[in-house]
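Q: Okay, here's the structure, questions in a sec.
The values are calculated or read from the model by the stated rules, or taken from the named source; none is laboratory data. What you see is a predicted model, and the numbers here were worked out from it, not measured in a lab. Note that each Cβ is placed from the backbone with ideal geometry, even for glycine, and that neighbours are counted across all protein chains shown.
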Amino acid sequence: MSKLKRLAGETVLYGLGSIVPRFLNFLLVRLHTDVFSPEEYGILNKILAYVAVFNVIYMFGMETAYFRFATKIDADEKRVFNLAQTAVVAISLFLSCLLILNANGIADALDVPGHTNLIIWFVVIMFIDAVVAIPFARLRLRKKATQFAMGKILNVLLLIGFNVYFLKVAYDPSVGIGYIVIANLIANGFYLLFFWRTLLFWRPAIDNTITPAMLSYSYPIMITGLAGMTNEMFSRQTLDWWLPANFYPGQSSKYALGIFSACYKLSVLMGLAIQAFRYAAEPFFFSNASDKQSPTLFARVNHYFVIVCCILLLGVGTNLDILKYFLGDSKYWQGLAVVPILLVGYLFQGIYYNLTIWFKLTDKTYYATIITVAGAIITIAANYVLIPIAGYLGSSLATLLCYFSTAAVCYVLGQKFYPIPYNVGKSLGYILITTILVYVVNGVVLPDQWLATAFHAGVFLIYVAVVYLIEKKGLRSG
């Protein structure tokens with residue numbers, strides 16, 4: 001159990017660096033939905049969807065390539081760092097110049113004319129994110145989780161401070177949602193100061209052998225990341241394309257997009273936990289790859305990962321009657337039905353990330369392309385069919401279907417090339433029972449909020465106790 005305990009401890013530390021900051025950032029949803037209408041919020045999230053996709057291209061999967069090549073026997077970590085950083089900076093600089101030169105056309109293409117300044121500001125934010133991506137990866141590889149957390153937390157504190165100042169003290173309606181972008185730009189600029197020493201001692205380098213090998217390895221990882229972002233963001237964009245006129249009486253598609261995007265924020269609570277786990281797990285998997293018992297270890301890691309996520313699913317899914325107040329204006333509450341579905345979707349996304357270790361360790365990252373294509377086809381087809389029928393509820397179902405399918409495909413392929421004894425039946429059982437329990441509990445309507453909260457807390461505590469009794473023997477046996 002020592003390795004699992006160490007992984008759990010590192011996950012907690014990375015949680016401080018990812019969950020805590022993003023949860024604090026999540027609290028800004030209330031401020032934003034109080035200040036901006038669903039239409040304005042929809043415009044912002046429409047741009048953010050494309051930013052998320054371009055962020056993946058900027059990184060080019062180089063974080064994973066850095067872990068892979070830096071942990072090889074006799075690897076020169078410093079040289080691998082310089083090579084990875086050079087590749088990321090070169091790619092992101094080229095893309096940034098291209099996007100800035102075409103900012104006017106991009107704004108028109110996104111149907112947000114007059115917001116060219118937002119496009120440029122977002123490009124600068126993406127460039128800064130790319131520049132500091134490998135330095136953050138180096139902190140993870142060196143197990144400097146405390147320093148990692150410090151950088152993330154300070155960033156989000158700056159972000160919150162500037163959001164509050166701009167929207168509550170110095171608000172000018174002519175700037176509007178631009179204040180959110182400016183706050184992000186200032187907060188991200190702090191990263192350059194945080195890593196000034198690392199960036200100062202970085203030496204641009206290209207190796208005729210290692211650089212092409214890293215790019216060849218990372219390219220499919222980038223494609224996989226694009227699939228994840230496409231599956232996550234595409235559902236939001238297609239509401240603007242495929243939602244029938246007057247589907248929600250008297251409201252535009254951008255209004256529906258704003259409602260869906262706000263409620264999506266609640267499901268991101270699952271995504272935050274998964275991200276914290278990934279920060280700790282990726283270097284953990286690579287570091288333990290040479291161990292003969294690694295397949296069994298990886299299976300146990302995934303098993304407990306599913307259990308923790310199911311506990312989170314129950315905790316969030318049964319307390320939407322309280323969490324909805326984070327959304328501010330009550331008009332946003334009409335979309336809460338999508339949250340449990342998206343939580344389960346995120347859970348399968350997390351399982352998928354665990355399963356991808358087989359092609360990362362066998363250097364068969366090109367299989368990511370196969371899974372990407374499958375996920376993209378499912379996402380597009382499901383949204384095309386379900387949005388006209390069920391609106392943003394259909395988008396959430398498409399997300400769940402996509403993540404479940406990609407996890408299933410990755411599992412089947414992985415068992416062929418790198419067999420890992422995952423306990424599939426037990427994991428699916430936990431997910432199914434927890435999901436049913438969420439809907440059963442939400443179906444019990446109590447007149448008093450205090451009574452309802454006590455009931456939800458009681459169910460949650462009983463659930464955790466039962467899970468502990470079931471897993472107690474395995475936890476003690478190590």
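Q: For the structure I just gave you, tell me whether Leu313 is under 24 Å from Lys473 (Cβ atoms), under 20 Å from the mean Cα position of the chain (by Cα), at pLDDT 85 or above and hydrophobic (A, V, I, L, M, F, W, C).
A: Spelling it out, Leu313 is indeed under 24 Å from Lys473 (Cβ atoms), under 20 Å from the mean Cα position of the chain (by Cα), at pLDDT 85 or above and hydrophobic (A, V, I, L, M, F, W, C).
Q: Next question. Return only the number of the condition from (1) surrounded by 21 or more Cβ atoms within 10 Å (Cβ to Cβ); (2) part of a helix (DSSP H, G or I) that Tyr422 does not satisfy.
A: Looking at each condition in turn, Tyr422 falls short on (2).
Q: In addition: Test Pro204 against the criterion of being in contact (Cβ under 8 Å) with a residue 40 or more places away in the chain and either over 20 Å from Trp121 (Cβ atoms) or surrounded by fewer than 16 Cβ atoms within 10 Å (Cβ to Cβ) (or both), and give yes or no.
A: Yes, satisfied.
Okay, residues lined up against (1) part of a helix (DSSP H, G or I); (2) buried (at least 23 other Cβ atoms within 10 Å of the Cβ); (3) among the small types (Gly, Ala, Ser):
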residue: Leu257; (1), (2), (3): yes, yes, no
residue: Ala262; (1), (2), (3): yes, yes, yes
residue: Val268; (1), (2), (3): yes, no, no
residue: Arg278; (1), (2), (3): yes, no, no
residue: Lys292; (1), (2), (3): no, no, no
residue: Phe298; (1), (2), (3): yes, yes, no
residue: Val308; (1), (2), (3): yes, no, no
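Q: Ok, one more. Take Ala457 and tell me if it is under 25 Å from Val308 (Cα atoms), touching a Leu at 6+ places or on another chain (Cβ under 6 Å) and part of a helix (DSSP H, G or I).
A: no
Q: Taking into account only those residues within the range 381-402 that are buried (at least 17 other Cβ atoms within 10 Å of the Cβ) and out of contact with any Leu (no Cβ under 8 Å at 6 or more places or on another chain), which is farthest from Thr224 (Cα to Cα)?
A: So, considering only residues that are buried (at least 17 other Cβ atoms within 10 Å of the Cβ) and out of contact with any Leu (no Cβ under 8 Å at 6 or more places or on another chain), the one farthest from Thr224 (Cα to Cα) is Asn383.
Q: Do you know which residues across the range 322-335 are in contact with a Leu (Cβ under 9 Å, 6 or more places away or on another chain) and either closer than 19 Å to Pro447 by Cα or part of a helix (DSSP H, G or I) (or both)?
A: Once the filter is applied, which keeps residues that are in contact with a Leu (Cβ under 9 Å, 6 or more places away or on another chain) and either closer than 19 Å to Pro447 by Cα or part of a helix (DSSP H, G or I) (or both), the range 322-335 yields Leu323, Lys324, Phe326, Leu327, Trp333, Gly335.
Q: From (1) touching a residue at least 12 places away in the same chain (Cβ under 8 Å); (2) closer than 30 Å to Ser294 by Cβ, pick out the condition that doesn't hold for Tyr468.
A: Among (1) touching a residue at least 12 places away in the same chain (Cβ under 8 Å); (2) closer than 30 Å to Ser294 by Cβ, Tyr468 violates only (1).
Q: Tally time: how many residues in the range 184-194 are surrounded by 20 or more Cβ atoms within 10 Å (Cβ to Cβ) and touching a Gly at 6+ places or on another chain (Cβ under 8 Å)? Break it down stepwise before answering.
A: Narrowing the range 184-194 to residues surrounded by 20 or more Cβ atoms within 10 Å (Cβ to Cβ): 184, 187-188, 191.
Still in the list and also touching a Gly at 6+ places or on another chain (Cβ under 8 Å): 191.
Summing the residues that are surrounded by 20 or more Cβ atoms within 10 Å (Cβ to Cβ) and touching a Gly at 6+ places or on another chain (Cβ under 8 Å) in the range 184-194 gives 1.
Q: Same structure, new question: Scanning for something more than 19 Å from Ile433 (Cβ to Cβ), in contact with a Cys (Cβ under 9 Å, 6 or more places away or on another chain), among the hydrophobic types (A, V, I, L, M, F, W, C) and surrounded by fewer than 24 Cβ atoms within 10 Å (Cβ to Cβ), does the range 335-345 turn up at least one residue?
A: Yes: the range 335-345 contains one or more residues that are more than 19 Å from Ile433 (Cβ to Cβ), in contact with a Cys (Cβ under 9 Å, 6 or more places away or on another chain), among the hydrophobic types (A, V, I, L, M, F, W, C) and surrounded by fewer than 24 Cβ atoms within 10 Å (Cβ to Cβ).
Q: If you check Asn55 against the conditions, is it closer than 21 Å to Arg278 by Cβ, assigned to a helix (DSSP H, G or I) and either at pLDDT below 85 or out of contact with any Ser or Thr (no Cβ under 6 Å at 6 or more places or on another chain) (or both)?
A: yes
Q: Within the range 363-378, is even one residue part of a helix (DSSP H, G or I), aromatic (Phe, Trp, Tyr) and surrounded by 22 or more Cβ atoms within 10 Å (Cβ to Cβ)?
A: no
Q: Now for a separate question. Please tell me if Ile436 is within 24 Å of Val301 (Cβ to Cβ), of a type in the set (A, V, I, L, M, F, W, C) and either touching a residue at least 40 places away in the same chain (Cβ under 8 Å) or in a helix (DSSP H, G or I) (or both).
A: Against the criterion (within 24 Å of Val301 (Cβ to Cβ), of a type in the set (A, V, I, L, M, F, W, C) and either touching a residue at least 40 places away in the same chain (Cβ under 8 Å) or in a helix (DSSP H, G or I) (or both)), Ile436 does not qualify.
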